[in-house]
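The values are calculated or read from the model by the stated rules, or taken from the named source; none is laboratory data. Just so you know, these numbers come straight off a predicted model, no measurement behind them. Positions of Cβ are generated from backbone atoms using ideal geometry, with glycine treated the same way; all protein chains shown enter the neighbour counts.
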């Protein structure tokens, strides 16, 4: 089985700031969420956890898997989507003419980088190579795998596995510290 989980809450989540690759730690609520997830998902068998190297994802994985004999491995391809110059922008949706909003409001129209932000093509290329090179062989071996990552990065994996059109990129959503079964 393949499962995916988004990291716990951070202060930037609470302030509606674009995090992207900015390395923001979990806040106390995020840690509580991860503790609750550890309890809720403790009986789900897992052989390995692949995780983003960003601290909010690593800390979530460490809390969720504490006391279990599940290795936590990181891969740079699981980092969050880069929002370039817009990382740290607070409440971008309250700024109607903010160019970064096209990523969220019309993902199918976001084809060129805005302010140095990563494109969907770049995001899908790196997460797609991770799926082919790491996850596919593990699935062929019958392993139970958890990926702990981020909103956009996780959705790129979900979109590829479920063959979603780009316009539906954000439709699945993934709540903080909720485990979703993909395969």
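Listed values, structure above:
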item	result
Residues that are closer than 21 Å to residue 176 by Cα and in contact with a helix residue (DSSP H, G or I) (Cβ under 8 Å, 6 or more places away or on another chain), drawn from region 89-102	92, 93
Test: residue in region 99-109 that is within 25 Å of residue 55 (Cβ to Cβ), more than 19 Å from the chain's Cα centre (by Cα), modelled with pLDDT under 95 and assigned to a loop (DSSP other than H, G, I, E, B)	no
In region 56-82, the residues that are loosely packed, with under 15 Cβ neighbours inside 10 Å and within 30 Å of residue 115 (Cβ to Cβ)	76
Any hit, region 25-33, residues being under 13 Å from the mean Cα position of the chain (by Cα) and without any contact (Cβ under 8 Å) to a residue 60 or more places away in the chain	no
Selection within region 65-85 - out of contact with any strand residue (DSSP E or B) (no Cβ under 7 Å at 6 or more places or on another chain) and over 17 Å from residue 157 (Cα atoms)	66, 67, 68, 69, 83, 84, 85
Residue 123 free of Cβ contacts under 8 Å to residues at least 60 places away in the same chain and surrounded by 20 or more Cβ atoms within 10 Å (Cβ to Cβ)	yes
